[in-house]
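A short worksheet on the structure shown next.
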Amino acid sequence: MSASLILTIHAKDRPGIVRTVSQTVEAGGGNWLESRMARLAGQFVGIARIHCAIDDVKPMASSLNALQAQGIFIDTLGAETDAIKTYDRCLAVEIFGNDRKGIVNEVTTAVTKVGGNVEELHTSIESAAMAGNDMFKLQGTICLKDEACEEELIAAIESISDDLTIEFKIGGN
């Protein structure tokens, strides 16, 4: 019998963090399945899903927890793959416009109102090419329940502001 574990990882950024974590996973008999990682404000942050034998879960969590001595902090969560809701329709979305306070809240509120689920989200602030002011950029995947309507989602996000450029593409996963 096997288990999937979700790891949340954070440390002061430096070379070798991913190598150290992946060596620990391999030494414990685990298999690294997927991950997302980034450097934010000088900190390394990441999430990863690993797979291991059910008998290896506690020793694996203990080995990963021991990395705190090296300044690598990892929380380990059991993943219940049976409980994952799959959605029939997903949209890739890109939003670009003048940055302002609350824009992520506005977008996610619009998604929630139509029953959508944010599957993936990447945001950044970029300098406008000619003007030099801050521009907000969002890229993500939004999936919809069976009864949710793509047109409702598009209208809800487009209603946020006239100064945003919004692009949708069906099949975001």
For residues in the range 87-109 being over 15 Å from LEU153 (Cα atoms) and assigned to a strand (DSSP E or B), which is farthest from the chain's Cα centre (by Cα)? ASN98
Would you check which residues across the range 93-119 are in contact with a Lys or Arg (Cβ under 8 Å, 6 or more places away or on another chain) and either outside the structural domain of ILE154 (by TED's automatic domain parsing) or of a type in the set (D, E, K, R) (or both) and list them? GLU94
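How many of the residues in the range 75-86 are part of a loop (DSSP other than H, G, I, E, B) and at pLDDT 85 or above? Before you say what the answer is, go through the steps one by one.
Residues of the range 75-86 that are part of a loop (DSSP other than H, G, I, E, B), as a first pass: 80, 84-86.
From the residues that got through so far, the ones that are at pLDDT 85 or above too are none.
The number of residues fulfilling the criteria is 0.
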Return a yes/no flag: does the range 56-72 have any residue that is in a strand (DSSP E or B) and free of Cβ contacts under 8 Å to residues at least 40 places away in the same chain. no
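Please find, within the range 7-19, the residue that is nearest to ALA61 (Cα to Cα) out of those that are in contact (Cβ under 8 Å) with a residue 12 or more places away in the chain and loosely packed, with under 14 Cβ neighbours inside 10 Å. Can you show your working first?
Kept after step one, since they are in contact (Cβ under 8 Å) with a residue 12 or more places away in the chain, are these residues of the range 7-19: 7-14, 17-18.
Retained after the next criterion (residues that are loosely packed, with under 14 Cβ neighbours inside 10 Å): 8, 12, 14.
Details: THR8: 12, LYS12: 21, ARG14: 23 Å.
Going through the qualifying residues, I end up with THR8.
The values are calculated or read from the model by the stated rules, or taken from the named source; none is laboratory data. As the structure is a computational prediction, the values presented were derived from the model and not from experiment. Reconstructed Cβ throughout: ideal geometry from the backbone, glycine too, with neighbour counts over all protein chains shown.
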